[in-house]
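The structure under discussion appears below in the form of structure tokens.
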Amino acid sequence: MEKNIFEKIRDKESDADIVFKNEYVTAFKDIYPCAPIHILIIPNKMIRSLNDVEKDDAIYLANILISAKEIAEKFNIDKSGYRLITNCGKDGGQEVQYLHFHLVGGVSLGRMIGLPKNSQKIFKEF
Ligand code: AMP
């Protein structure tokens, strides 16, 4: 099966601005940044989404969190603050089918997430 874009970036078969790499994770700049700092962190093991994570993957997840902290320090947003997000599935807005975490910062991000305008109505129906 053909590798997807994040597998190719991980394997250095596709260009990306890699900002951090170790045995367990690769981190690179998002090509369409949503904030002044927007880094994607992926496990070096192919895991499709958070739904596919297994207990044995704990070392990858730990490295994602620890590298997020280190990258935030490297980009000088550790003090000002940042957000770490993973999108899962259709409603979560996941476009690339390879588990990844968005590290965003460098601007005040406001509270939580952008919801559709009719979200209050949807809450009532849920
Ligand atoms: P998601 O919607 O959570 O699946 O996010 C996918 C992210 O990958 C988006 O923010 C894209 O801008 C980003 N992206 C897609 N292709 C590339 C690429 N070749 N290099 C860097 N970021 C990418």
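The values are calculated or read from the model by the stated rules, or taken from the named source; none is laboratory data. For clarity, every value in this text was computed on a predicted model and none was experimentally measured. As a convention, Cβ positions derive from the backbone with ideal geometry for all residues, glycine included, and neighbour counts pool all protein chains shown. To get the accessible areas, we keep the full protein, side chains included, count just its heavy atoms, and leave off ligands, DNA and RNA. Shrake-Rupley method; radii C 1.70, N 1.55, O 1.52, S 1.80 Å.
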Open item on the list: Just checking, does the stretch 55-66 include any residue being exposed (fewer than 13 other Cβ atoms within 10 Å of the Cβ) and in contact with a strand residue (DSSP E or B) (Cβ under 7 Å, 6 or more places away or on another chain)?
Closed with: no
TODO: Filter the stretch 18-29 down to residues that are open to solvent by 30 Å² or more (accessible area, probe 1.4 Å) and within 15 Å of the chain's Cα centre (by Cα) and give me whichever is nearest to residue 94 (Cα to Cα).
DONE: 29
- [ ] Go through the stretch 30-57 residue by residue and tally those that are more than 14 Å from the chain's Cα centre (by Cα) and not hydrophobic (A, V, I, L, M, F, W, C).
- [x] 8
Open item on the list: Contact list please: Cβ distance under 9 Å, first residue in the stretch 79-97 and without any contact (Cβ under 8 Å) to a residue 24 or more places away in the chain, second residue of a type in the set (Asp, Glu) and within 12 Å of the ligand (Cβ to nearest atom), pairs at least six apart or on different chains.
Closed with: 87/95
Task: Residues of the stretch 36-45 that turn out to be open to solvent by less than 60 Å² (accessible area, probe 1.4 Å), more than 15 Å from residue 66 (Cα to Cα) and either more than 13 Å from the ligand (Cβ to nearest atom) or out of contact with any His (no Cβ under 9 Å at 6 or more places or on another chain) (or both), as a count - done: 1
Task: Count of residues meeting criterion [open to solvent by 60 Å² or more (accessible area, probe 1.4 Å) and either of a type outside the set (Lys, Arg) or touching a residue at least 40 places away in the same chain (Cβ under 8 Å) (or both)] in the stretch 1-10 - done: 3
- [ ] Determine the pairs where a residue that is within 21 Å of residue 20 (Cβ to Cβ), located within the stretch 102-113, has a partner that is open to solvent by less than 40 Å² (accessible area, probe 1.4 Å) and among the acidic types (Asp, Glu) with Cβ atoms under 9 Å apart, the partner being 6 or more residues away or on another chain.
- [x] 102/30; 104/30
